[in-house]
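Values quoted throughout were computed directly from the atomic coordinates according to the rules given, and no laboratory measurement underlies them. Just so it is clear, the structure is predicted and the values come from calculations on it, not from any experiment. Here the Cβ positions follow ideal geometry from the backbone for every residue, glycine too, while neighbour counts run over all protein chains shown.
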Amino acid sequence: MLSRENTGLIVVDIQGKLARLVYNSDSFIACCQKLVQGAKTLGLPIVWLEQNPEGLGATVEELHSVMAEQEPVIKFTFDACKEPRFLQAIQKTNRKTWLVCGIEAHICVYQTVFHLKNLNYDVHLVCDCISSRKQENIELAANKLVHHGVSITGLEMCLYELVQDCRFPEFKEILNLIK
């Protein structure tokens, strides 16, 4: 089970025109926005990545606006774990469990999650918060990662798992995000 005390969120490369070209982009971006807002409500650390922003553009405004109080970790490798600033950012949180959302599922998300799993992190891929240009690449990435021991969760599932109790003050805010 996920716990607030040990869980963080990694947002992978939801940038520029590519974010608008991925499969089911409007729903994907809306779900990611809810996930980020839910993580903030629950006090989870968020590590935000941008792949070559000079070439791909900035993080989409829907997400940038809710994460603007921090700077993204800039990377050029598809696997964020090959960027020392990323590893420092996640290690600094002292969290061992990470929810992951972003694009493209079969490239940057896949390589980063695979490496995190090999570093003994407990990784949960948020299935309605990942995308690629082709739907079959989303399924390919998820299936391959599950085969390597990565957990699959969904937006509602992970947020309610983290809230745990309808009497907690954050419950109402999470409920309003999901409705």
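Given Cβ point charges of +1 (Lys, Arg) and -1 (Asp, Glu) and nothing else, what value in debye, to the nearest 20, does the dipole of region 7-178 about its Cα centre take?
Approximately 340 debye in magnitude.
Counting other Cβ atoms within 10 Å of each Cβ, which trypsin sites (Lys or Arg not before Pro) in region 38-97 have at most 15 and sit in a DSSP loop?
Those satisfying the criteria are 96.
For every helix of n ≥ 4 consecutive DSSP H residues, a contribution of -39,500 (n - 2.57) applies; sum these over the chain, divide by its total residues, and give [θ] at 222 nm rounded to the nearest 500 deg cm²/dmol.
Only helices count here, giving -13000 deg cm²/dmol.
Between residue 151 and residue 120, what is the spin-label point distance in nm, taking each point 7 Å from the Cα along the Cα→C-beta axis?
Rounded to a tenth, the inter-label distance reads 1.8 nm.
Taking 0.36 nm per intervening residue step and subtracting the Cα-Cα distance, what contour gain separates residue 62 from residue 91 on full extension?
Result for the pair: 7.7 nm of gain on full extension.
Could you check what % of the DSSP bridge pairs in region 1-116 are antiparallel, to the nearest 5?
5 percent
Which length gain, in nm to one decimal place, applies between residue 76 and residue 173 when the Cα-Cα distance is subtracted from 0.36 nm times their residue separation?
31.3 nm
Taking the Cα centre of each part, how many Å lie between region 1-16 and region 18-62?
Answer, in whole Å: 11.
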